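Since every read-out is calculated from the coordinates, none of them should be taken as a lab result. Computed from a predicted structure; not experimentally measured. Every residue, glycine among them, receives a Cβ derived from its backbone with ideal geometry; neighbour counts consider all protein chains shown.
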Amino acid sequence: MSQILEVHPQNPQRRLVQIAADTLRAGGLVVYPSDTTYALACHIGDKRALERIIALRQLSKHHQFTLACRDLSDLGTYARVDNTNYRLLKRATPGPFTFILPATKEVPKRLVHSKRRTIGIRVPDHAVAQLLLELMNEPIMTTTLRLPLGEYPLSQAYDIHEMLGRQVDVILDGGACSLEVSTVVDLTSSNPEIMRQGLGDLDAI
């Protein structure tokens, strides 16, 4: 069974979040709260952990994967962005947005969209997610925790533990999360395109 750790949503206990970071580095799957829904994460370089997520969520081979980043300091390593879009990203992050950008060669090929050669970039505005990323000192592969037949994402850690206790390794319980997902913005063309409307003030785009 997975380990469920109760963490304060505004002032998370560092020692507990460290357990989650160590689990990611060891190839495990971690559920963590974000500024939108609960999310599922693995280490960006771990093929087996990614395969577990693909199986759990029954993702297609053309799924757009996303990297959660602590801030924009890693942006140039994993995505190509011009000055105009960088200013947009600065206005909108941290926040409930996922930005689709051309991927660099530093992104593992298994995470790059098979047709578009893109990667999603997300900077969550949540203390638990931010501390996890600080302790990792690198981005993590992340996806909304929505089950294949579920209409909505799972929003309570207890329900996640009941349903996925044998399929994930650590659950960071930061209280109830939203049922609304992030807004997805495609920045691969000359004008930003909203691919999915979710949380987030579009005036920042």
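Computed values, structure above
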quantity: Sequence of Leu135, Leu89 once ranked by neighbouring C-beta atoms within 10 Å, starting from the fewest; calculated: Leu135, Leu89
quantity: Antiparallel %, DSSP beta bridges [both residues in region 3-204], to 5; calculated: 60
quantity: Between region 73-111 and region 121-137, the alpha-carbon center distance in angstrom; calculated: 15
quantity: Gyration tensor (alpha-carbon) shape descriptor, region 1-125, a/c threshold 1.5; calculated: oblate
quantity: 5 angstrom amide H check on Thr118, placed H, neighbours 5+ away; calculated: Ala103, His113
quantity: Residues His62, His161, His8, His43 arranged by fewest to most Cβ contacts within 10 Å; calculated: His62, His8, His161, His43
quantity: J(HN,Hα) series, region 124-132, from Karplus relation 6.51 cos²θ - 1.76 cosθ + 1.60, nearest Hz, glycine and proline x; calculated: x, 9, 8, 4, 5, 4, 5, 5, 4
quantity: Mean separation of Cα contacts under 8 Å, 6 or more apart, over the residue count of the chain: relative contact order %; calculated: 35
quantity: Fewest-first sequence of Leu149, Leu131, Leu40 by Cβ atoms within 10 Å of each Cβ; calculated: Leu149, Leu131, Leu40
quantity: Amide proton proximity set for Ile205, modelled H, under 5 Å, gap of 5+; calculated: none
quantity: Amide proton proximity set for Gln13, modelled H, under 5 Å, gap of 5+; calculated: His8
